[in-house]
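S.K.: A single structure is presented below for examination.
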Amino acid sequence: MAQQQAVALVNQQAWLSAPIGSCNPVVVVGAHFCLPQKTTLVMQEHSGLADQHSATIVDAYSRPHFALAPPPFSTPTKLLLLNAASNMPVLRIERKLISPHGSWLLSQPVSEGGRLAKVQPQAGGEGPGVQVFLSRTSKAPDFVIKGNLRCKCFTIFRCLPGGGELPIASVARDSQLATANAFLMSMLSHAQKYYLTIEPGVDAAFVTALALLCDQFSSESSNLF
């Protein structure tokens, strides 16, 4: 049902720039975050999520998409992802209280909101760098992240039924899609920038949170891979 809503949403957009028929939507947070065209967001590198409070995430044309804010009575292990247009929270990011793997949880923004995903880094170089589980019981990940987190060069893959992986987003230090305005805007924060490029039909809020957590993991350890 969520995938049908995403297809209907993007087909209604007058600014559709590419056919959506071949796109298989990836919906985790909400279908309205699935854009019909490839989108690049300008991210800021920090030493952890605690340093990202009040940050704004813009696209390659300097248009704000998301903002970050601490929740009420927050700790350094909790953060809210906000819709920049409405300033309303769309996702809660927090460290799992008891986790031998250093896992983080993505949940609905309300205090008792349901869990959407568990994001688990893999130490010791065994398996993919980060695994993402949507189900509480499945031992097989729904998404994997492979590459070099510290160098900001990695790809987010969707795990396909029956095997195989489909790239849905990628992170790099440079982007040909970013404009000079976006570059200058990122320089104002005095932080290193990197770019998150999201494929059409992919939940931008979800993969933005994954990129933020990869930044967190790289700040926690230099030996993830």
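The values are calculated or read from the model by the stated rules, or taken from the named source; none is laboratory data. Predicted, not measured: the structure shown is a model, and the values here were computed from it. Note that each Cβ is placed from the backbone with ideal geometry, even for glycine, and that neighbours are counted across all protein chains shown.
S.K.: Only one of these conditions is not met by V110: (1) within 20 Å of R92 (Cα to Cα); (2) at pLDDT 85 or above. Which number is it?
M.R.: (2)
S.K.: Out of everything in the range 17-41 that is at pLDDT below 90 and either of a type in the set (S, T, Y) or in a strand (DSSP E or B) (or both), what residue ends up being farthest from V144 (Cα to Cα)?
M.R.: Top of the filtered list is S17.
S.K.: Of all residues in the range 42-95, how many are modelled with pLDDT of 75 or more, of a type in the set (A, V, I, L, M, F, W, C) and over 15 Å from L210 (Cβ atoms)?
M.R.: Here the count works out to 11.
S.K.: Let me ask something else. Does L105 fit the bill of being in contact with an Asp or Glu (Cβ under 9 Å, 6 or more places away or on another chain), modelled with pLDDT under 90 and not small (G, A, S)?
M.R.: Against the criterion (in contact with an Asp or Glu (Cβ under 9 Å, 6 or more places away or on another chain), modelled with pLDDT under 90 and not small (G, A, S)), L105 does not qualify.
S.K.: Same structure again: Among the residues of the range 125-174, write down those that are surrounded by fewer than 12 Cβ atoms within 10 Å (Cβ to Cβ) and touching a residue at least 60 places away in the same chain (Cβ under 8 Å).
M.R.: Within the range 125-174, just G125 meets the criteria.
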